[in-house]
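One structure below.
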Number of protein chains: 2
Amino acid sequence: MTTTGPARDTALHADADRPSRREQILQAAAQLFAERGSRAVGVDDVGAAVGVTGPAIYRHFAGKDAMLAEMLLRISERLLAGGRERVAAAGADPAAQLRALIAFQVEFALGNPALITVHDRDLGSLAEADAAQVRRLQRRYVEVWVAVLARLHPAADAAACRVRAHAVFGLINSTPHSAGQLDRAATATLLTGMAEAAARAW
Amino acid sequence: MTTTGPARDTALHADADRPSRREQILQAAAQLFAERGSRAVGVDDVGAAVGVTGPAIYRHFAGKDAMLAEMLLRISERLLAGGRERVAAAGADPAAQLRALIAFQVEFALGNPALITVHDRDLGSLAEADAAQVRRLQRRYVEVWVAVLARLHPAADAAACRVRAHAVFGLINSTPHSAGQLDRAATATLLTGMAEAAARAW
DNA sequence: CCTGGAGGTTAACCATCGTTCACAGGAGTG
DNA sequence: CACTCCTGTGAACGATGGTTAACCTCCAGG
């Protein structure tokens, strides 16, 4: 039923053409976790999705938790790194930086709907140490946005900028909910426009 | 640790002052489900939260699934009914109707953060029959928004309006992520402004 | 009184599922 | 050929947790 071929998220595997078994597992797990929630997905399900039995997973990961942890850590790191890159590449103008951040987030959300879903749904299923690490990365990513928003409007306090950043995330990350309504390009321009309007409304 | 007193969501119990045991359970369950996810919360946990052992739950609900189902159904019904009311009360002007819908959603999200969280996180944990019913209600609520957005901009097609509606939901429902940053009133005006700007950006 | 239902309790049952174990095949490598 | 990782399998183990059973108490109403 689920189209596994072209609908794959792009952010997990570095080797896109011949991904290692390990990457295949992470990929399949992300898809399944997004659809049903990590707790509802069995190790056997993940195995079956890559044509292997459940226990084979343990040749590649310490356990189910370790899979989820690595998944969420990678996403968070990728967002933070990507966000910083884009800001740095956008020059000194805060308005341009904001546009770059929005473009990046839209791109990521449209390219990796499963990861976006898992990212904020299954954080609570992580062991406290991993969860803390993920939250730390998330916080730093938020602060990248807050810094840009604060420079854009020097009068606003940081708390308001944080609320604003989360609101823009929510707006952009709504894509999994409206999947299949429009083609990717149209959705991208629509969300970009809305996000910029929302971020700018003071 | 969790402040159970004043932080209660308001939309679940009709009898606010002396809620029946049944309502207490639903209330506590919503809180716990929001914090940890329905699957991570045991029947014993829910019982303990209202000062009762786990199996006592079965005097009031057919099972854990039934609890979650009733919770999600009530939320969906309340949103749909509330949305329709507000639109009807806002007169014929689509701009006024949109403002009314936004105010309603902001109000609901700020008043019921736990319900908002459970609403889209745990839908997948429902039996298919219940899930279908909830999705039906959600869809009808979305269509209330789509109708208003479509009247506001007759040139736009329904699919784009749907994407737009989901984006505004995502924006407003981000409140659980930015809890504690600002006081409720400030958050409300901020989100309302952003939502209106986003919905209007064409 | 005493009867019956509502609401609780503890103990037990049982399915699910993550994890481990013992073993097997294959691909290099000496 | 032998030796050894690497990756996989099927079976078994153990914990967790939803659910049921048996029993108990309280209290309203005849």
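The values are calculated or read from the model by the stated rules, or taken from the named source; none is laboratory data. What you are looking at is a predicted structure, and each value in this text was computed from that prediction instead of being measured. Using ideal geometry, Cβ is built from the backbone for each residue, glycine included, and neighbour counts are taken over all protein chains shown. Keep in mind that these areas ignore ligands, DNA and RNA; they rest on the heavy atoms of the full protein, side chains included. Shrake-Rupley method; radii C 1.70, N 1.55, O 1.52, S 1.80 Å.
Of note:
- Accessible surface of chain B, 1.4 Å probe: 53 percent of it comes from carbon and sulfur atoms.
- Descending semi-axes in whole angstrom, ellipsoid equivalent of the range A:67-115, from the Cα gyration tensor: 24, 12, 5
- Per residue, in Å², the accessible surface of the range B:53-140 once ligands and nucleic acids are set aside, probe 1.4 Å: 44
- Partner shielding of A:182-191 amounts to 3, given as the average count of beta-carbon atoms from other chains within 10 Å of each residue beta-carbon.
- Long-range Cα-Cα pairs in the protein assembly as shown (distance over 27 Å), rounded percent: 52
- In a reduced charge model with +1 at each Lys and Arg Cβ and -1 at each Asp and Glu Cβ, chain B shows a dipole moment near 280 debye about its Cα centre.
- Contact order for chain B, expressed relative to its length and based on alpha carbon pairs under 8 Å spaced 6+ residues apart, stands at 22 percent.
- Relative to the longest principal axis of the Cα atoms of chain B, helix B:94-111 runs at roughly 20 degrees.
- Farthest toward positive dipole pole in the protein assembly as shown [+1 Lys/Arg, -1 Asp/Glu at C-beta], among A:V144, B:A62, A:I57: A:V144
- Charge dipole (chain B, unit charges on Cβ, about Cα centre) - positive-most of B:A92, B:M194, B:A103: B:A92
- The residues of the range B:156-170 listed by number as losing at least 50 Å² of accessible area in the complex, against the isolated chain and with a 1.4 Å probe, are B:V163, B:H166, B:A167.
- Largest mean-square fluctuation among A:G170, A:G83, A:G180, in a Gaussian network model of chain A whose springs join Cα atoms under 10 Å apart, belongs to A:G180.
- Basic side chains Lys and Arg get +1 at the Cβ, acidic Asp and Glu get -1 at the Cβ, and with that the dipole of the protein assembly as shown about its Cα centre reaches some 300 debye.
- For chain B, built as a Gaussian network whose Cα springs stay under 10 Å, the top-fluctuating residue of B:A165, B:A155, B:A90: B:A155
- The range A:15-70: chymotrypsin sites (Phe, Trp or Tyr not before Pro) in DSSP coil with no more than 12 other Cβ atoms inside 10 Å: none
- Whole-number D in µm²/s for chain A (Stokes-Einstein; Kirkwood sum over Cα pairs; 25 °C, 0.890 mPa s): 137
- Once you reduce the range B:104-134 and the range A:169-189 to the center of their Cα atoms, the two points are 20 Å from each other.
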